[in-house]
Amino acid sequence: MSKIKFVIVLVVTFVIAQYLKDTAHSISLYALVTLPGTFLHELMHYTMAGLLGGHPGNFSLIPSGNTLGSVTFVPNWYNAASVGLAPLLLAPLTVFFAALSSRSNNPLKMVGGGYLAACSWVACTPSSQDFSVALVPTSWPLALSILWFTTWVIYRVVRVAIR
């Protein structure tokens, strides 16, 4: 695979992401076009809560007001920041999706992969509700360790993928 092709797919991913953000003026249209990203965002919360004993529940992708989806969990001193900041794990995953997309010679697969990467990029920002959950100071060391380790693993995978 060409590194140039990967860079092109990554740039196209960020252009698509900007167009997705431009649909935010209409919450219903935004919810529809970013549904894969919303799913990934909530899945990150759900998975992290499950891994850290937060007993996740009520996984919802039904928009309500300005909220596109939700997951409930039981926060405690060690899991609150990790669960609240879990969508940040989608940032390195965006690069991984772009790397997979750039390996294809099928233009439709490349655009589809770029769209999925763009949705994950748009969804990687924790919401204000996510930040309010993550404010438990004692849980930040674990959260930062998880984010660093996951980013390092995805970096290694992407490095192998673009060779």
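The values are calculated or read from the model by the stated rules, or taken from the named source; none is laboratory data. Since this is a predicted model, take the numbers as computed values, not measurements. All Cβ positions, even for glycine, are placed from backbone atoms using ideal geometry, and neighbour counts span all protein chains on display. Ligands, DNA and RNA are stripped out before the accessible areas are found, and what is left, the full protein with its side chains, is counted by its heavy atoms. Shrake-Rupley method; radii C 1.70, N 1.55, O 1.52, S 1.80 Å.
Packing here is the average count of other Cβ atoms within 10 Å per residue, and on that basis the peptides 36-44, 56-64, highest first, run 36-44, 56-64. Averaged over its residues, the range 1-40 has an accessible area of 60 Å² per residue, based on protein heavy atoms and a 1.4 Å probe.
Calculated FRET efficiency, Ser26 to Gln129, Cβ-Cβ distance, R0 = 22 Å: about 0.55 to the nearest 0.05. Shape class of the range 4-85 from the Cα gyration tensor (axes a ≥ b ≥ c, square roots of the eigenvalues): oblate, since a/c reaches 1.5 or more and a/b does not exceed b/c. With a simple spin-label model that places each label point 7 Å from the Cα along the Cα-to-Cβ direction, the separation between Ser64 and Leu142 comes to 2.6 nm. In the chain, the inverse of the mean reciprocal separation of distinct Cα atoms equals 16.3 Å; this is its Kirkwood hydrodynamic radius.
Taking only protein heavy atoms and a 1.4 Å probe, the accessible area of the chain is 71% carbon and sulfur. Under the membrane-span-like helix rule (DSSP H runs whose alpha carbons stretch at least 15 Å along the helix axis, mean Kyte-Doolittle hydropathy 1.0 or higher), the chain yields 3-22, 90-102, 140-161. When each of the peptides 142-151, 112-121 is scored by how many other beta carbons lie within 10 Å of its residues on average, the order from highest to lowest is 112-121, 142-151. Each Lys and Arg contributes +1 and each Asp and Glu -1, all at the Cβ; summed about the Cα centre of the chain, the dipole is approximately 740 debye. Here the sum of -39500 (n - 2.57) over DSSP H runs of 4 or more residues, divided by the residues of the chain, equals -21000 deg cm²/dmol at 222 nm, to the nearest 500.
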